[in-house]
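Have a look at the structure below before the remarks.
The values are calculated or read from the model by the stated rules, or taken from the named source; none is laboratory data. These figures come from a predicted structure and were not determined experimentally. Note that we place each Cβ from the backbone using ideal geometry, even for glycine, and neighbour counts take in every protein chain shown. Accessible surface areas use protein heavy atoms only, side chains included; no ligands, DNA or RNA. Shrake-Rupley method; radii C 1.70, N 1.55, O 1.52, S 1.80 Å.
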Amino acid sequence: MEIAQVIGLAIIVTVLGAVLKQIKPEIAIQLSILAGVTIFLLIMDKIRLVIDLLQKLADQADISSYYLFIVLKIVGVAYLAELGGQICRDAGENALATKVEIAAKVFVVILAIPIIAAIMESVMKLLA
């Protein structure tokens, strides 16, 4: 039922934020950021469960933990970039949000290089 807590928190913060925007817009933005961080912290336990399950599946499939770790880092970068971009958008900084997303895409490509290299190596071995 944690999703009900997340949704409840989001609705409360949305209503409070709408009222605060009329009085003190800067506090409304801070409240929104605080709610976003709180929601992220609430789901950290669930993320750990998913990571543990993926690790178990990777071990059963005899897949290197190194590659699983890279994929998890890529997913983490994507989620954090989305969170950061949305916070920027909430603050009215659309251009900055776009730059956060571009930077995340570059980081994803950099993180994916070992996986791309391993795939290319496997293809070369198959063709040889």
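Structure notes:
- Qualifying residue in the range 78-99 (condition: within 25 Å of A118 (Cα to Cα), in a helix (DSSP H, G or I) and open to solvent by less than 60 Å² (accessible area, probe 1.4 Å)): yes
- Filter pass, I63 being surrounded by fewer than 12 Cβ atoms within 10 Å (Cβ to Cβ), farther than 30 Å from E2 by Cα and over 15 Å from the mean Cα position of the chain (by Cα): no
- Evaluation of Q5 against the conditions (1) under 18 Å from the mean Cα position of the chain (by Cα); (2) touching a residue at least 24 places away in the same chain (Cβ under 8 Å); (3) open to solvent by 90 Å² or more (accessible area, probe 1.4 Å) shows that the sole unmet condition is (1).
- Pair list, Cβ < 8 Å and 6+ apart or interchain, from the range 17-35 residues that are without any contact (Cβ under 8 Å) to a residue 24 or more places away in the chain to residues that are among the hydroxyl-bearing types (S, T, Y) and open to solvent by less than 90 Å² (accessible area, probe 1.4 Å): G17/S32
- Residue match in the range 54-70 (condition: touching a residue at least 40 places away in the same chain (Cβ under 8 Å) and under 23 Å from V100 (Cα atoms)): yes
- Of all residues making up the range 15-32, the number that are under 21 Å from the mean Cα position of the chain (by Cα) and either among the polar types (S, T, N, Q) or modelled with pLDDT of 90 or more (or both): 3
- Leading residue by the ranking (farthest from K21 (Cα to Cα)) among those in the range 100-128 that are open to solvent by 60 Å² or more (accessible area, probe 1.4 Å) and of a type outside the set (A, V, I, L, M): K125
- Residue list for the range 17-43, restricted to those being open to solvent by 90 Å² or more (accessible area, probe 1.4 Å) and of a type in the set (A, V, I, L, M, F, W, C): I23, L34, L41
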